[in-house]
């Protein structure tokens, strides 16, 4: 017999840094238990923001699925940026085609793309919106 799902939440925490607090307060779970499990599973990803899909069941138990880091964060890291451009018409950095492919390969499981080429186009679009020129794609 399957458990009844009461809530599905999408939240983000720094890798290895989940703490009981407002983000988890409405979930109705044992926050320390989740934080310990999350921190143990993300310890090797320190320095990244880790999105997580948290499924809460009627008996207060939970399951969670870790996702890949946000694309914008990966682009900023690859270009050495603190923040993106406030206007997409500004160019604040250039992303190499190799880095674009690397980010697309990493993000592939979480993107709505059929192949690597499609994933690269999605990542390139995010980069352009951030004011980052993509080598080989932009004029």
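Selection of segment 39-71 for residues being in contact with a helix residue (DSSP H, G or I) (Cβ under 6 Å, 6 or more places away or on another chain) and farther than 22 Å from residue 26 by Cβ yields 68, 71. Starting from residues that are closer than 17 Å to residue 48 by Cβ and at pLDDT 90 or above, keep the ones in segment 82-103 and report whichever is surrounded by the fewest Cβ atoms within 10 Å (Cβ to Cβ). Residue satisfying both the conditions and the ranking: 102.
In summary, residue 90 fulfils each of the numbered conditions (1) within 30 Å of residue 5 (Cα to Cα); (2) more than 14 Å from the chain's Cα centre (by Cα) with the single exception of condition (1). Within segment 45-80, the residues that satisfy the criterion of being over 30 Å from residue 5 (Cα atoms) and at pLDDT 85 or above are 46, 72, 73, 74, 75, 76, 77, 78, 79, 80. Within segment 21-43, the set of residues being more than 17 Å from residue 59 (Cβ to Cβ) and loosely packed, with under 14 Cβ neighbours inside 10 Å comprises 21, 22, 25, 26, 32, 36, 40, 43. On the given criteria, is residue 59 in the same structural domain as residue 12 (by TED's automatic domain parsing), in contact (Cβ under 8 Å) with a residue 12 or more places away in the chain, loosely packed, with under 14 Cβ neighbours inside 10 Å and more than 15 Å from the chain's Cα centre (by Cα)? Spelling it out, residue 59 is indeed in the same structural domain as residue 12 (by TED's automatic domain parsing), in contact (Cβ under 8 Å) with a residue 12 or more places away in the chain, loosely packed, with under 14 Cβ neighbours inside 10 Å and more than 15 Å from the chain's Cα centre (by Cα).
The values are calculated or read from the model by the stated rules, or taken from the named source; none is laboratory data. What you see is a predicted model; the values in this text were computed from it and never measured. Methodologically, a virtual Cβ is constructed for each residue, glycine included, from the backbone with ideal geometry; neighbour enumeration extends over all protein chains shown.
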